[in-house]
Amino acid sequence: MIRTLFFDIGGVLVDLHPERTETLLQKQTGLDPDTLRDRFPLDVHHDYERGRLDDQTFFQRVKAKLGPEAHNLSPSAFWQAWMAMVGRPKRTAAWISVLRQEVPVWLLSNTNRYHVVHLLPDYPFYSQVDGAIFSYETGYRKPEAGIFHLALERAGVAPEEALFIDDVEANVTAARAVGLEAIHFHTPEQLAEELHRRGWNSFE
């Protein structure tokens, strides 16, 4: 029996637009799209999402990796670009308050302090959930098993009592390996059908 739902945020509850961040950084640096993507340090980004870097260090390391073209990139311009990737809530976000009347709902997200502090409070679902597991507070990122074990411990449920929803297949596979039931999110319509099949029918 499922006793807790874990929802990813970006791509499941909220639209993500990394291309907006790229466009703004291109304007600030003059780098072409391919060069910007090649130079952007994913390892630094992942360390930031694990909480190993503070905001200022993350900015400084990204700026250094972007090269001399980023010499005039200011912190304010960078963070404006960083915020631009997070978009409007999806239709699924409105389901949280209804689902929570039947089962506890938690967030389980690879994210960073800046987005959580400066953006997440603007979304109604953030105040409606029972709890949240943010990667930067745990030292882990999905699909690492540690973040799933920690989520289960904090929610007080066994793996077989949890349903995890994510738009990244590797994260879904990792959750299943830990023992959670998991849904690979594609569209709100597909997720609605999956939830209906499991007995939740009142959310829309």
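Using the Kirkwood radius built from alpha carbon pairs, what does the Stokes-Einstein equation give as D for region 18-84 at 20 °C and 1.002 mPa s, in µm² per second? All intermediate terms of the calculation are to be shown ahead of the outcome.
Details: Rh = 11.8 Å.
Result for D is 181 µm²/s.
Could you work out how far the C-alpha centroid of region 48-90 sits from that of region 183-201, in angstrom?
Spelled out, the Cα-based centre of one part sits 35 Å from the other.
Evaluate the charge dipole of the chain about its Cα centre and quote only its size in Debye, nearest 20, assuming +1 on the Cβ of each Lys and Arg and -1 on the Cβ of each Asp and Glu.
Numbers: 21 positive and 29 negative charges, 79 e Å.
The calculation lands at about 380 debye.
Straight-line reach from Lys142: which lysines have Cα under 24 Å away, leaving out those fewer than 8 places along the same chain?
Lys90
Can you put Phe40, Phe7, Phe185 in order of Cβ neighbours within 10 angstrom, beginning with the fewest? Walk me through the numbers before you get to the answer.
Details: Phe40 17, Phe7 26, Phe185 22.
In increasing order of surrounding Cβ atoms, one gets Phe40, Phe185, Phe7.
Rounded to the nearest 5, what % of the DSSP beta bridges within the chain are antiparallel ones?
In the chain, approximately 10 percent of DSSP beta bridges are antiparallel ones.
How large is the charge dipole for region 18-84, taken about the Cα centre, if only the Cβ atoms of Lys, Arg (+1) and Asp, Glu (-1) carry charge, to the nearest 20 debye? Walk me through the numbers before you get to the answer.
Working: 9 positive and 11 negative charges, 27 e Å.
That gives region 18-84 a dipole magnitude of about 140 debye.
Which of the lysines could a cross-linker span from Lys63 if the Cα-Cα distance has to be under 22 Å and same-chain partners fewer than 8 positions apart are dropped?
Lys27
Would you mind ranking Ile165, Ile183 so that the residue whose beta carbon has the fewest other beta carbons within 10 Å leads the list? Could the numbers behind the result be given before it?
Values: Ile165 23, Ile183 20.
Result, fewest neighbours first: Ile183, Ile165.
Using +1 at the C-beta of Lys and Arg and -1 at the C-beta of Asp and Glu, which of Gln28, Phe125, Tyr140 has the Cα lying farthest in the positive direction of the dipole of the chain?
Gln28
With 10 angstrom as the radius, rank Asp38, Asp47, Asp8 by how many other C-beta atoms surround their C-beta, starting from the fewest. Numbers along the way, then the final one.
Numbers: Asp38 10, Asp47 17, Asp8 22.
Sorted ascending by nearby Cβ count, the order is Asp38, Asp47, Asp8.
Cα gyration tensor of region 1-113, axes a ≥ b ≥ c as square roots of the eigenvalues: rounded (a/c below 1.5), prolate (a/b > b/c) or oblate?
Numbers: a/c = 3.14, a/b = 2.19, b/c = 1.43.
Prolate is the answer for region 1-113, as a/c is 1.5 or above and a/b outweighs b/c.
Computed from the coordinates by the stated procedures, all read-outs in this text should not be read as laboratory data. Keep in mind that what you see is a predicted model, and the values were worked out from it rather than measured. Neighbour counts are summed over all protein chains in view; Cβ atoms, including those assigned to glycine, are modelled from backbone coordinates with ideal geometry.
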